[in-house]
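Right, one structure below, let's go through it.
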Amino acid sequence: MIVVLSKDISEHDTKLVRAFLEDNGYKAREQTFGDDTLLSASGKGQLDTRELQLLPGVVRVAATSKPYELASRETQAEDSIVTVGPVKVGGARITVIAGPCAVESREQIAETAARVRESGAVILRGGAFKPRTSPYAFQGLGMKGLEYMKEAGEALGMPIVTEVVSPELALQMKDLTDMFQIGARNMQNFELLKRVGSLGRPVLLKRGASATIEEWLLSAEYLLASGARDVILCERGIRTFETFTRNTLDISAIPVVKGLSHLPVIVDPSHALGIRAYVNAASLAAVAVGADGLAVEVHTNPDAAFSDGPQSLYPDQFEKLMRDVEALAPVAGKELQRLPSPKSLAASDGTAFSGAWTAAFSLVGEKVAFSGRSGAFAERALINIFGEETQRLPVPSFSSVFDAVLDGSAAFGVVPVENSLTGSIHENYDLFLRYPDIVIVGELKLRIVHCLMAIEGTTLSEIKTIRSHAQGFAQCRNFLDEHTEWYLETHPTTADAVLSIAKEKSRTIAAIASEAAAKAHGLNILKAGIENNPQNYTRFVVISRKQDGKQLVPAALGAQKPNKASLVFSVADKPGSLLLSLQCLSGEGINMTKLESRPILGQPWNYLFYVDFTIPEDEGLLQKALEDLKKEAVTMQVLGVYRAAV
Ligand code: PEP
Ligand code: MN
């Protein structure tokens with residue numbers, strides 16, 4: 001049951017409502033739903049809801065239309081973000097769990113953990129207690145196995161997840177695991193659910209092989225009602241008439257469950273398919289339909305595995321899978337989550353790369369600046385990189401982002417530098433010259449989907465004016481060309497355009513902006529996907545300020561060694577000078593990925609050259625190329641050395 005409270009209800013009246021519910025056999029939990037504060041009441045109590053309705057401060061009483069209440073999206077509209085040690089699951093990220101089916105020995109789990117961590121897995125999996133179909137099959141190493149796994153995870157800064165098979169074992173295992181897994185065979189072991197739920201640890205709840213979606217969500221409800229706050233659902237294939245694959249991956253369940261529940265949903269392609277060769281394809285399908293992550297079995301020697309060898313990936317196959325997932329994630333509006341590299345955890349003196357690359361920087365209490373307001377594309381990029389909890393500092397322009405980072409009011413900033421349909425955002429390139437102490441420390445590629453939006457009830461024929469940022473107009477040129485009668489009015493950001501319409505409430509004005517901006521400011525979408533081409537990506541860079549010649553790198557981006565650099569230089573006015581400058585790079589075998597010229601302000605017909613290039617494995621070659629270029633060019637400024645987006 002859901003009790004909607006008045007916005008101005010006093011603390012005293014809230015307490016009264018709570019007490020009333022509790023006296024009648026319900027447990028009440030306060031939650032927010034959009035602008036509303038709700039008490040979600042669960043339990044077996046019985047009361048006449050009309051009595052509840054009469055209490056001061058109660059606006060509405062609603063029994064959810066679903067038998068599961070705490071897990072329902074009707075109770076909580078926003079995605080739940082589950083925290084497992086340093087890792088988050090849900091929201092705008094793809095979280096990958098990997099490891100062997102079972103812990104087989106201390107060496108095996110340590111070696112597998114190192115391999116999957118290197119490829120980018122952020123949580124280590126492995127069974128210490130194995131619920132096997134045959135009583136004669138390997139049953140797991142038990143508590144000893146769990147100790148080995150904990151040790152392997154700790155050595156690499158990786159939280160672990162392991163299956164718990166009985167209520168008696170749960171308490172014993174609690175301190176040795178970061179997340180409990182409830183296996184498919186135990187999804188409806190209600191005593192187990194209640195005990196595990198009461199321990200307060202995150203829980204990964206697998207779907208039973210013959211469980212309906214509703215039964216699965218009701219099992220999640222057991223966990224939540226018993227006290228668990230962090231629950232992740234895992235689709236692992238269901239039993240159908242098909243026997244070629246081990247199970248049938250119910251791909252349609254993912255968007256359905258994401259619609260019904262706020263809990264994160266991940267996919268285990270290994271147990272679903274049962275055949276190694278299909279794990280990659282199924283994983284990508286899962287990401288494409290909106291899964292929040294994957295749980296994949298990996299073994300360093302699958303042929304000798306004690307269990308599930310045929311479905312376990314070789315480490316190299318897992319490495320390829322991670323690359324594919326990283327490339328696909330932006331299409332689904334997400335970002336692959338990474339952890340700081342084990343190296344930077346160990347050596348926090350900032351010497352991991354050429355003395356200029358500091359260790360991952362913890363963001364606790366720090367702000368990140370972006371240009372615009374709630375719902376801006378830059379805000380989405382910021383969230384994808386830094387997570388939902390990061391304090392965001394909205395500022396009115398790109399130059400204010402640079403100012404905020406320079407004066408320290410923000411630790412980092414996020415600005416767009418290039419769009420795949422319309423090219424470079426020159427204003428930001430020019431700002432790097434005005435702010436030589438600001439450097440690029442990271443990069444992200446965000447898919448941009450534009451929508452036409454207006455206040456509720458507006459029809460296309462009523463529109464006379466369209467508001468957006470100049471980039472919004474340029475990226476939707478083909479659509480706008482079909483409506484030459486519309487007057488185009490440029491606003492500082494797309495989100496500003498949306499807000500102005502929400503305030504003016506005029507039915508003759510529409511905006512071009514993101515779906516998130518429409519949601520944030522209460523506008524109605526008239527048409528979605530109006531950009532010239534769906535392959536519309538904007539490259540955002542993360543900027544920070546150089547300190548003592550070093551650059552700070554946010555933890556989320558510090559996972560891997562930088563592989564890309566951007567610089568700007570000018571050349572002498574003589575034949576072949578550009579060629580000679582570029583040969584400083586090609587001479588060291590360095591691959592250039594972008595070259596662009598820009599007029600120099602105040603010097604007509606003189607140009608600056610902007611170059612992006614791939615950093616070679618051998619750092620010495622980079623140093624040599626930069627020294628040569630410095631001698632050859634008239635001026636040279638390194639804009640940043642960072643990890644490229646895929
Ligand atoms: C496992 O994850 O190793 C496992 C036994 O999975 P499931 O419960 O999905 O069969
Ligand atoms: Mn297994």
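Packing around the peptides 385-394, 220-229, taken as the average count of other Cβ atoms within 10 Å per residue, puts them in this order, highest first: 220-229, 385-394. Excluding same-chain neighbours fewer than eight residues apart, the aspartates and glutamates reachable from Lys7 by a Cα-Cα span under 14 Å are Glu30, Asp35, Asp36. Each Lys or Arg adds one and each Asp or Glu takes one away; over the other residues whose Cβ falls under 14 Å from the Cβ of Phe190, this sums to 0. Restricting attention to the stretch 407-555, the count of lysine pairs at 8 or more positions apart or across chains with alpha carbons under 26 Å apart stands at 13. Cross-linked pairs Lys88/Lys320; Lys258/Lys594; Lys564/Lys631; Lys66/Lys320; Lys144/Lys206: Cα-Cα separations exceed 29 Å for Lys258/Lys594; Lys66/Lys320. With Cα atoms defining each centre, the stretch 381-403 and the stretch 253-325 are spaced 33 Å apart in the structure. Taking each residue as 0.36 nm, the span from Phe138 to Thr245 lengthens on full extension beyond its C-alpha to C-alpha distance by 36.3 nm.
For the stretch 71-115, the residues whose backbone nitrogen is under 20 Å from a point 7 Å from the Cα of Ala304, taken along Cα to Cβ, are 99-115.
Do me a favour and compute the ellipsoid semi-axes for the chain from its Cα gyration tensor, root of five times each eigenvalue, largest one first, whole Å.
Calculated on Cα positions only, the semi-axes equal 44, 35, 22 Å.
For a paramagnetic label modelled on Leu621 (point 7 Å from Cα along Cα→Cβ), amide N atoms under 14 Å away belong, within the stretch 564-595, to 564-565, 584-593. How would the stretch 82-136 be classified by its alpha-carbon gyration tensor: rounded, prolate or oblate, with rounded meaning a/c under 1.5 and the a/b versus b/c comparison settling the rest? It is oblate, given that a/c is not under 1.5 and a/b is not larger than b/c.
For the chain, what is the accessible area per residue in Å² when the probe is 1.4 Å?
Details: 27340 Å² over 646 residues.
The answer is 42 Å² per residue.
Rounded to the nearest 20 debye, the dipole magnitude of the stretch 37-149 is 160 debye, with +1 charges on Lys and Arg beta carbons, -1 on Asp and Glu beta carbons, and the Cα centre as origin.
The protection proxy used here, the mean number of other Cβ atoms lying within 10 Å of each residue, ranks peptides 104-115, 609-620 as follows, highest first: 104-115, 609-620. Per-atom-type breakdown for the chain gives carbon and sulfur 52% of the accessible area (1.4 Å probe, protein chains only).
Rounded to the nearest 10 degrees, the angle from helix 494-504 to the longest Cα principal axis of the chain is 70 degrees.
Using the Cβ-Cβ distance between Leu171 and Glu107 with R0 set to 22 Å, the FRET efficiency works out to roughly 0.15. Label-to-label distance, Leu433 versus Ala572, with points set 7 angstrom from Cα along the beta-carbon direction: 2.1 nm. Looking at the stretch 8-61, the trypsin sites (Lys or Arg not before Pro) that sit in a DSSP loop and have at most 13 other Cβ atoms within 10 Å of their own Cβ are Lys44. Residue separation of Glu214 and Leu199 scaled by 0.36 nm, minus their Cα-Cα distance, works out to 3.0 nm of gained length. The chymotrypsin sites (Phe, Trp or Tyr not before Pro) found in the stretch 81-146 that occupy coil by DSSP, while having at most 14 further C-beta atoms within 10 Å, are Tyr136. Beta bridges assigned by DSSP with both partners in the chain are antiparallel in approximately 60 percent of cases. Distance between the 7 Å Cα→Cβ label points at Ser420 and Lys15: 5.7 nm. Restricting to DSSP loop positions (anything but H, G, I, E, B) with no more than 13 other Cβ atoms inside 10 Å of their own Cβ, which GluC sites (Glu not before Pro) remain in the stretch 409-467? Within the stretch 409-467, the qualifying GluC sites (Glu not before Pro) (loop, at most 13 other Cβ atoms within 10 Å) are Glu456.
Taking the Cα centre of each part, how many Å lie between the stretch 601-629 and the stretch 127-146? Here the two parts' Cα centres lie 57 Å apart.
Magnitude of the Cβ-charge dipole of the chain, K/R +1 and D/E -1, about the Cα centre, nearest 20 debye?
Computed about the Cα centre, the dipole is about 380 debye.
Among 83-94, 163-174, sorting by the average number of other beta carbon atoms lying within 10 angstrom of each residue, highest first, gives 83-94, 163-174.
The values are calculated or read from the model by the stated rules, or taken from the named source; none is laboratory data. This is a predicted model, so every value here is computed, not measured. Note: ideal-geometry Cβ built from the backbone for every residue, glycine included; neighbour counts use all protein chains shown. With ligands, DNA and RNA removed, areas are computed over all heavy atoms of the protein, side chains included. Shrake-Rupley method; radii C 1.70, N 1.55, O 1.52, S 1.80 Å.
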